[in-house]
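A short write-up of the structure that comes next.
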Amino acid sequence: AGDPRAQSYSRRRVGGAPTVEQGVGRVVLERSLFVSGAAESRPIRAEQHPGVDDGESARFCFTVGAAGGVLVSVALAWTDPVAASVSAKQLVNDLDLAVRSPDGNWTLGNASPGATYSPRRADPRAAAGGAVAVVDQVNTIERVVLQQALVGTYMVIVHGAWVADGPQPFALVVHGAG
């Protein structure tokens, strides 16, 4: 189902805050590693999870302390099984990332601004009101970047939106000022 070393590398690699010009896959070393004296950005939580099956979800929480209004990044990475060479879609297992802020608003991984998520539905693709949210169905790395994180407790959901070869292990990292 996947090489945990690759997932660990991916979570370290994207745990920082790449710029728009660099994209989510390039390393910004000074933002990816904690450097002594650079207390503004550090890992808040890191998980190496044994995996979710199709339709299952894993939940995690983290807290942003009294220094609200800071940038926080939540990154999900997994190593996808190899697809058949004749397959039209190369992604075998699709996981989705959703983050609920203390005010109850949801943000989806790699989603365009304004995409919504309904926690009442099992599939994050199903938005409130029955509309389909825009979710990433292509990449094995998903990120949510909270530019001005609120003080309080956040809930992170990793959902097995389509897991043909499972359970699918994954790595999750929350990075920022906690």
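General observations
- Extended-chain gain in nm, criterion 0.36 nm per residue less alpha-carbon gap, Ser87 and Ala46: 11.4 nm
- Modelled FRET efficiency - R0 41 Å, Gln148 with Glu56, Cβ distances, 0.05 increments: 0.80
A short reminder: the numbers here are calculations on the coordinates, not readings from a lab. As the structure is a prediction and not an experimental result, all values here were calculated from the model. FYI the Cβ positions are ideal-geometry reconstructions off the backbone, even for glycines, and counts take in every protein chain you see.
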